[in-house]
Each structure stands twice: as C-alpha cells, then as structure tokens.
1. In the list Gly48, Gly64, which residue meets the criterion of being touching a residue at least 12 places away in the same chain (Cβ under 8 Å) and more than 18 Å from the chain's Cα centre (by Cα)?
2. All but one of (1) more than 15 Å from Ala61 (Cβ to Cβ); (2) of a type in the set (Gly, Ala, Ser); (3) crowded, with 16+ Cβ neighbours inside 10 Å hold for Ala202, so report the exception by its number.
3. Can you pull out the residues in the stretch 111-137 that are farther than 20 Å from Gly212 by Cβ, without any contact (Cβ under 8 Å) to a residue 24 or more places away in the chain and either assigned to a strand (DSSP E or B) or among the aliphatic types (A, V, I, L, M) (or both)?
4. How many residues are among the aliphatic types (A, V, I, L, M) and more than 19 Å from the chain's Cα centre (by Cα) when one looks only at the stretch 105-124?
5. With respect to Gly38, is the statement that it is more than 17 Å from Val139 (Cβ to Cβ) and surrounded by fewer than 12 Cβ atoms within 10 Å (Cβ to Cβ) true?
6. Could you list, in sequence order, the residues of the stretch 88-115 that are of a type in the set (Ser, Thr, Tyr) and exposed (fewer than 14 other Cβ atoms within 10 Å of the Cβ)?
7. Does at least one position in the stretch 98-107 carry a residue that is at pLDDT 95 or above, under 30 Å from Lys14 (Cβ atoms), outside any loop (DSSP other than H, G, I, E, B) and of a type in the set (Val, Ile, Thr)?
8. Which one is surrounded by the most Cβ atoms within 10 Å (Cβ to Cβ), of the residues in the stretch 179-195 that are within 17 Å of the chain's Cα centre (by Cα) and either part of a loop (DSSP other than H, G, I, E, B) or not aromatic (Phe, Trp, Tyr) (or both)?
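The values are calculated or read from the model by the stated rules, or taken from the named source; none is laboratory data. It should be emphasised that the depicted structure is a prediction, and the values quoted were computed from it without experimental measurement. Here the Cβ positions follow ideal geometry from the backbone for every residue, glycine too, while neighbour counts run over all protein chains shown.
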Amino acid sequence: MTVPFYVPPEQLMKDRAEFARKGIARGRSIVAVEYADGILLLAENPSGSLQKIGEVYDRIAFAGVGKYTEFEALRVAGIRHADLKGYSYAREDVTGKALANAYAQTLGHIFTQEVKPYEVEVMVAEVGRTAADNQLFRVTYDGTLYADRKVSAIGGQDEELRARLEAQFEPGAALAVALGWAKAAFQAEREDEILPEDWEAAVIDRTLGRRGFRRLAVEELSA
C-alpha cells in the first residue's frame, strides 16, 4: 500500500490561500457605494456578455470577482436559496445577511475540504427602507465574512479602492455624484481613460418598488 505524502496543515492552508489569491488578483475589482436612494455597484468589465453584477432577490444584489464559472455558480445557488426561503416562509425573511452567511459557509467548506479552493470573492448588497438599514457584505475565498458601511470593494485592488472611496464619501449624495466617486477611484493612477462601454454598473434603489435592481445604461455612465 502506498503511503501518502504528509503535508503540515499550516503549509496546506497557506498554499491554498496563495493559489486562490493569485486567481482573484488577475480579475478586475468591483466597488459599492451608498447614495441617497440606494447602493451603486460598479465594475470595469469590457465583456458585454459575461456579467459580474446581478440580482439575487427583491432588494439584494450580488457581485463576484475571480473565476467567472465559480462565482456564477454561487450566484445561481444564492437565487435558488433565496427563492426557496421566500416561498417557504415570507419574502421579508430573505435577507442579505443570511445570504452572505450561506456564502461564507459554502466557501469555507470548499476551502478546507475540497482539493481546489474557489478563486473568487463575492459581495452581497441589500438596500434597506432607510439608508441606516443598508447592508454591505463581502466574503473572501476562505469563507471570511466582512460587514462594511457606506463603501465596499472586492478584487485585486480592493484596499486601495476602499481607501479612495472613504476619503470622498459624503452621506446623502445623489447617484450621479456617487458614480463620479466610483469612476474616479478606478481611474486613479491610470493614464488611459476607461470607456463608457467598458463599465458595468447597477443600482438597488429603494424608490423602484419591490424589485429595486436596475442596470445603468451606457448613456448614464458617460454623462
């Protein structure tokens, strides 16, 4: 019988974390910014067909960076989880916090138990009845869950983007102002200008009714 090679658990976790971080760093970041009526999500995404931002439930949005097939599978699983819970109980029982916890448990299990960890980071944003009720969560490749306020970012340049947005943020700003902050955070330290068609943006807006998710058109992004 062949004896398997022994790898110390600390080294195994370190190797998995390094593998996942390298995959995530190759992807483009996503930011979220609160504005007067909701939450804006913005990403640099030249692909017109592969979307990184999507709707999960009535007032809940999902965003993912890293390996597309993996975070898309998580998004679809989140939609099924939310639909089942909303159907079994009530639509009000579906919350961004519960969904983020489910993603954290799933990614944590994959990171520790599976041969290959997911090369993804995900964000869950929920717009509340008031600005104080907004929720922003991000989940890393190993299942670590973070709760942010006002601004958030995931992906390779997340720390720099969060710092730039926090320096500019002011409560109660209009959508156009928040969009300007987010675009400026991406453009900092870049010589070339990102074209309007290379952005992907959406909002979850409390003024839109039960389903608050709306994608922004190129005309809005170029204004």
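1. Matching residue, one of Gly48, Gly64: Gly48.
2. Answer for Ala202: the failing condition is (1).
3. Scanning the stretch 111-137 gives a single hit, Val115.
4. Count: 1.
5. No, not satisfied.
6. Across the stretch 88-115, the qualifying residues are Ser88, Tyr89.
7. yes
8. Ala182
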